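S.K.: Got a structure for you, questions after.
The values are calculated or read from the model by the stated rules, or taken from the named source; none is laboratory data. Keep in mind that what you see is a predicted model, and the values were worked out from it rather than measured. Here Cβ is always computed from backbone atoms with ideal geometry, including for glycine, and neighbour counts include all displayed protein chains. Just so you know, the surface numbers come from the protein's heavy atoms only, side chains and all, with ligands and any DNA or RNA stripped out. Shrake-Rupley method; radii C 1.70, N 1.55, O 1.52, S 1.80 Å.
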Amino acid sequence: MKKIFVSTIVAISTFLSSTSFASFWGDLWFNPNEAGWGLNITQQDQTLFATMFIYGADNRPSWFVASAMVPSGSGYLGDLYQTSGPAFFNSFNPNSVGIRKVGRIIFVPRNEGEAGISYEVDGLTINKNIERQTFKIPNLTNTWLGNYRQRVSGCDSSASSSNGTFNTPFSLNIINDSPTSSVISGTFTINSATVCSFSGTRNNFGKIFNILGNYSCPSGGGGPMTLFNGQYLETTISARIQLTNNANRCTTDGYFAGTTSLAP
């Protein structure tokens, strides 16, 4: 059985991309074509704690838990357990709690919003495609002030001195955003310099969002803008931002974290 499950891990890891665009996987995951079951993931550092609610062999709800999934290859691997205990309406008796290992589980991210899981229960191996479940799209309209840790590379001779790694102030002013539309626009400023404008499309994947679009600056610089692995928590925002300047070929890649300038 172990050989079969190892082969499954290799197969699913090969099928799914080994490049992880996000680094935070805590979310509610499901398969939109299969109602009623899913996977809750809570992440602390690089360890995942997963609870899986599925239909059992008797077609009734059943719960499993993997409390210590750690990095393994292009995914996260851990032991899978089934637990039992006293009924919720009785006094809780810790001596009635039971735990039984049923197999192993691997979670392999494909991109920001999609992943694959392979798990075994008492010798039966199951492979599933899953995605983050989005049930609330935030309105990001606000001014976000923070810092941008960026690496600039590929600049042509006209801007070769711009290559390097920098830690600079950064402001992101999202002017137009709406949970009912995917269109988004605004401005950003690096190091309190020229204000550049951008527009694009926002996509949501559970807790994660990205913005794909273009930017332009008064100086004539501009090009593609990609903001991904974005996370929003009411008064804070963080994301990885990549910019390509078509004017001097500079490519900027880095991480931004900021807070709102307005009281909640």
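S.K.: Search the stretch 22-47 for residues that are within 18 Å of GLY230 (Cβ to Cβ) and modelled with pLDDT of 95 or more and pair each with any residue that is in a strand (DSSP E or B) and hydroxyl-bearing (Ser, Thr, Tyr) when their beta-carbon atoms are under 6 Å apart and the residues are at least 6 apart or on different chains.
M.R.: GLY26/THR42
S.K.: For the stretch 120-139, indicate whether the set of residues that are of a type outside the set (Phe, Trp, Tyr), within 30 Å of CYS250 (Cα to Cα) and surrounded by 14 or more Cβ atoms within 10 Å (Cβ to Cβ) is non-empty.
M.R.: No, because not a single residue in the stretch 120-139 is of a type outside the set (Phe, Trp, Tyr), within 30 Å of CYS250 (Cα to Cα) and surrounded by 14 or more Cβ atoms within 10 Å (Cβ to Cβ).
S.K.: Take residues that are closer than 26 Å to ILE130 by Cβ and tell me which of the strands (runs of 3 or more DSSP E) falling wholly in the stretch 172-246 contain 2 or more.
M.R.: 195-205, 208-216, 222-232, 236-244
S.K.: Of all residues in the stretch 95-114 being within 18 Å of VAL65 (Cβ to Cβ) and buried (at least 16 other Cβ atoms within 10 Å of the Cβ), which is nearest to the chain's Cα centre (by Cα)?
M.R.: So the residue we want is PHE107.
S.K.: Residue by residue through the stretch 40-68, note down the ones that are over 15 Å from the mean Cα position of the chain (by Cα) and within 18 Å of GLU131 (Cβ to Cβ).
M.R.: ALA50, THR51, MET52, PHE53, ILE54 - these are the residues of the stretch 40-68 that are over 15 Å from the mean Cα position of the chain (by Cα) and within 18 Å of GLU131 (Cβ to Cβ).
S.K.: Being in contact with a strand residue (DSSP E or B) (Cβ under 9 Å, 6 or more places away or on another chain), modelled with pLDDT of 95 or more, β-branched (Val, Ile, Thr) and open to solvent by 10 Å² or more (accessible area, probe 1.4 Å) is the requirement here; does VAL152 meet it?
M.R.: yes
S.K.: Let me ask something else. Yes or no: the stretch 96-105 includes at least one residue that is in contact (Cβ under 8 Å) with a residue 60 or more places away in the chain, out of contact with any helix residue (DSSP H, G or I) (no Cβ under 9 Å at 6 or more places or on another chain) and either part of a strand (DSSP E or B) or of a type in the set (Gly, Ala, Ser) (or both).
M.R.: Taking every residue of the stretch 96-105 in turn, none turns out to be in contact (Cβ under 8 Å) with a residue 60 or more places away in the chain, out of contact with any helix residue (DSSP H, G or I) (no Cβ under 9 Å at 6 or more places or on another chain) and either part of a strand (DSSP E or B) or of a type in the set (Gly, Ala, Ser) (or both).
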